[in-house]
Amino acid sequence: MPFYDDGGNELDPKGIPMPKMCLMCEKLNDADEEILCDLNRLDQRNERQFKCGAFVSLYGALIDDIIS
């Protein structure tokens, strides 16, 4: 599914590096979450720190040190 910015330019989520947080999320390979995850990463592509309110750690209780 193509995504577009406000100027009508096509955005490719595969061209944006995957944040470390995403690699440790239970939803990483969930097809039902793919669009929301892609939109979140596209929206924050120019931010210093990635934030995700839907993050669910593969490792149980969240430890701040592992997502920095």
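Nothing in this text is a laboratory measurement; each read-out follows from the coordinates by a stated rule. All of these numbers come straight from a predicted model, not from anything done at the bench. Don't worry about glycine lacking a Cβ; one is built from the backbone with ideal geometry, like all the others, and counts go over all protein chains shown.
Sequence gap at least 6, Cα distance under 8 Å: using those rules, report the relative contact order of the chain to the nearest whole percent.
In percent, rounded to a whole number, it is 34.
Summing Cβ point charges (Lys, Arg +1; Asp, Glu -1) relative to the Cα centre of segment 1-50 gives a dipole of roughly 340 debye. Approximating the spin labels as points 7 Å out from Cα along Cα→Cβ, the GLN44-to-ASN9 distance works out to 2.2 nm. With the highest mean first, a sort of the peptides 38-49, 16-27 on other beta-carbon atoms found within 10 angstrom per residue produces 16-27, 38-49.
Each stretch of four or more DSSP H residues adds -39500 (n - 2.57); spread over every residue of the chain, this sum gives -5000 deg cm²/dmol at 222 nm.
Per residue, how big is the convex hull around the C-alpha atoms of segment 1-62? Give it to me in cubic angstrom, could you?
Details: hull volume 5.7 nm³, N = 62.
Convex hull volume per residue, Cα atoms: 93 Å³.
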